[in-house]
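Everything on this sheet refers to the single structure shown next.
The values are calculated or read from the model by the stated rules, or taken from the named source; none is laboratory data. None of the values given here were measured: they were computed from a predicted structure. Note that each Cβ is placed from the backbone with ideal geometry, even for glycine, and that neighbours are counted across all protein chains shown. Protein only, heavy atoms only, side chains kept; ligands, DNA and RNA dropped before computing areas. Shrake-Rupley method; radii C 1.70, N 1.55, O 1.52, S 1.80 Å.
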Amino acid sequence: MDHLPTTEAAVAALRELAGEYAREIDVSHAIGADQTSRRTAAGVGVATDPDGTLPHEAYVEFGGLPQVSVRLFPEDDALIEVEGVEFPDLDRDEVPAFLRSVFGGLAHVRARRFPPGYFLIVPLPGDRTHREYVSPGLLTPWLGSRVR
C-alpha cells in the first residue's frame, strides 16, 4: 500500500481509481478548522488549528453500483460507506485497497443463520479484512447479490 500523506494525495489516488474502474467521481472539500466536521470547538472565523496547520477534509462519492462514499479526515483516517454500511476509522492509506476489493468483486456478504444477520466483508492485501454488520432489513439488491 502506498502512503498517502495528505488528504489531497488521497483524493488524487481516488480519482485514479475511479478512472481505472470507469466510475464517475464527485469530490467536495472542506478546508479550515471552521469548516471540517471534527473541529466543533473552533471559534468563529478561525481557520487554522492551534498548531497553525490548515485542516483539510474531503467527501468523495462514486457513481454506479455499489453506492460508495468516502469521507477523508485530516487525522489520517477515513469513513467509507458501501450501500449504506459504514466502515469507520479506516486508515487513509487503506482506502484505495479497500475500494479495489469492493469494485473488483472481492467484497462479499456472509449470512449467519442464528441469530440471523449479515456481515459485509471486505478483504485487503496481507490477509486482513474489514467486517461490518448489515441489518437484514437493510440488505440492498447489490448486497443481496453478494451473499455467500
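For the reader, a short list of remarks on this structure follows.
- Residue within region 24-31 that is hydroxyl-bearing (S, T, Y), modelled with pLDDT of 70 or more and under 30 Å from V102 (Cβ atoms) present: yes
- Out of R112, R148, one residue alone is in contact (Cβ under 8 Å) with a residue 12 or more places away in the chain, surrounded by fewer than 16 Cβ atoms within 10 Å (Cβ to Cβ) and not aromatic (F, W, Y). It is R148.
- Number of positions in region 44-71 that are open to solvent by less than 30 Å² (accessible area, probe 1.4 Å) and modelled with pLDDT under 95: 4
- Filtered residues of region 76-124 (kept if over 14 Å from the mean Cα position of the chain (by Cα), modelled with pLDDT under 95 and assigned to a loop (DSSP other than H, G, I, E, B)): R113, F114, P115, P116
- In the set (1) within 30 Å of G104 (Cβ to Cβ); (2) modelled with pLDDT under 65; (3) of a type in the set (D, E), the condition left unmet by E20 is number (2).
- Against the test of being among the aromatic types (F, W, Y) and either under 19 Å from L4 (Cα atoms) or in contact with a His (Cβ under 8 Å, 6 or more places away or on another chain) (or both), the options F73, F114, F103, F119 yield a single qualifying residue, F73.
- Any hit, region 58-65, residues being of a type in the set (A, V, I, L, M) and over 17 Å from L17 (Cα atoms): no
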